[in-house]
Amino acid sequence: LASCNSSPQKEETAETSKFQHDPLVTHIYTADPSAHVFEGKIYVYPSHDVESDVKEDDMGSHFNMMDYHVFSMESPDSEVVDHGKALDVEDIPWAERQLWAPDAAEKDGKYYLYFPAKDKDDIFRIGVAIADNPAGPFKAEPEAIKGSYSMDPAVFKDDDGSYYLYFGGIWGGQLQQYRDNNYQPVGKGPTDGIPADNEMALMPKIAKLSGDMLQMAEAPKDVMLLDAEGNPLLAGDNERRFFEAAWVHKYDGKYYFSYSTGDTHFIAYGIGDSPYGPFTYQGNILNPVQGWTNHHSIVKFQDKWFLFYHDTELSDKTHLRNIKMTELKHNADGAIETIDPIKD
Ligand code: FUB
């Protein structure tokens, strides 16, 4: 572990990248890696896992993260630089606890960090923070994004310059507490409010972002995930239905919506013709990893595609994870080759 102090504001640390299924960094616990290419480098925006005295429960309360660090790599096999703390819960006026999976976007030379946190009423909202460079530090807006709820934001920039916010997650992510964008709490358990097995599953949400990147320009809509017959995936279809961790990438003119199936631990995907979907379920991108959660991102660097993900190799504890990366391949027909994190 080497230290380099090129930034006057923040301490930077660097580790040699152990590309291909080894933890990318070992000096802190990291998870939920959202990777992007900014300014010719790979930047990774993960959660920063920490041990705290909060007891484990089915709502994920023990995922009690308090800040974010940003990482960069010149290339997939070069060293990983930790740019230090980029945002702290103490500096987010509306947020109380649990800084879960973030994402980032760039527009006109400014960088936007989108993040979920529980507010003072213990309700997940999505916030945004702004920086002049991809490593931060980020300054949070005083309020959460109006009308936002649930967690796991992911921002996709389309080729026409439109930006879309995807979000949502069931159980601890609170999506089951909402219908038609209205808060309708039905109980405190993780599955209270989940539809019956033979009903349509709760779908992730999408909204176009406003020109200033700080609000949703429209009311969130369902991202429909369909089976091969064109029917919405059902709530009881645990191996295929959406749980959390939305991500979108575009390949060969098609939109790929990928996500975690949560309690069955896959990263699955569907393909569609519009950022709004519908997306037809195709299969799994990543088989279950060590640990309960599975959360990923997909990014193109030069002419190759990469999957970023996490597992619990360093700690063997479900809430103390480590980010990893590996190459991802699209076959000639556009299907993604399933990655087995154990064997590959
Ligand atoms: O890191 C906290 C939560 O665990 C994320 O928001 C979920 O996607 C899961 O990885």
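Since every read-out is calculated from the coordinates, none of them should be taken as a lab result. Given the structure is predicted, the values throughout are model-derived calculations rather than measurements. All Cβ positions, even for glycine, are placed from backbone atoms using ideal geometry, and neighbour counts span all protein chains on display.
Numerical summary
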item: Gyration tensor over alpha-carbon atoms, segment 179-240, equivalent ellipsoid semi-axes in Å; result: 25, 18, 8
item: For the chain, with +1 on Lys and Arg beta carbons and -1 on Asp and Glu, the positive-most of Tyr43, Ala335, Gly109 along the dipole; result: Gly109
item: Segment 31-127, relative contact order in percent, only Cα pairs under 8 angstrom and at least six apart counted; result: 22
item: Distance between modelled label sites at Asp273 and Asp77, nm, 7 Å Cα→Cβ extension; result: 4.1
item: Set of lysines with alpha-carbon distance to Lys304 below 29 Å, sequence-local pairs under 8 removed; result: Lys18, Lys41, Lys107, Lys110, Lys157, Lys205, Lys208, Lys250, Lys254, Lys324, Lys329, Lys343
item: Translational diffusion coefficient (Stokes-Einstein; Kirkwood radius from C-alpha pairs) of segment 115-246 at 4 °C, 1.567 mPa s, in µm²/s; result: 82
item: Neighbour cut-off at most 13 other Cβ (10 Å), DSSP loop, GluC sites (Glu not before Pro), segment 23-125; result: Glu39, Glu51, Glu56, Glu74
item: Pairwise centroid distance, computed over Cα atoms, of segment 147-216 with segment 287-303, Å; result: 21
item: Share of pairwise Cα separations in segment 262-330, more than 18 Å, in percent; result: 47
item: Highest-fluctuation residue, Val186, Val155, Val248 considered, GNM on the chain with Cα pairs under 10 Å; result: Val186
item: Rg/Rh ratio calculated on Cα atoms of the chain (Kirkwood radius); result: 0.93
item: Dipole of segment 158-287, positive direction: furthest Cα of Ala201, Gly172, Ser260, with charges on the beta-carbon; result: Gly172
item: Stretch gain in nm, segment Trp94-Thr26, where the contour uses 0.36 nm per residue and the Cα spacing is subtracted; result: 21.4 nm
item: Computed E for Thr191/Glu337 - FRET, C-beta separation, R0 41 angstrom, nearest 0.05; result: 0.80
item: Computed label-point distance, nm, for sites Gln290 and Lys250 using a 7 Å Cα→Cβ extension; result: 3.8
item: Percentage relative contact order, the chain, counting C-alpha pairs under 8 Å, at least six apart; result: 15
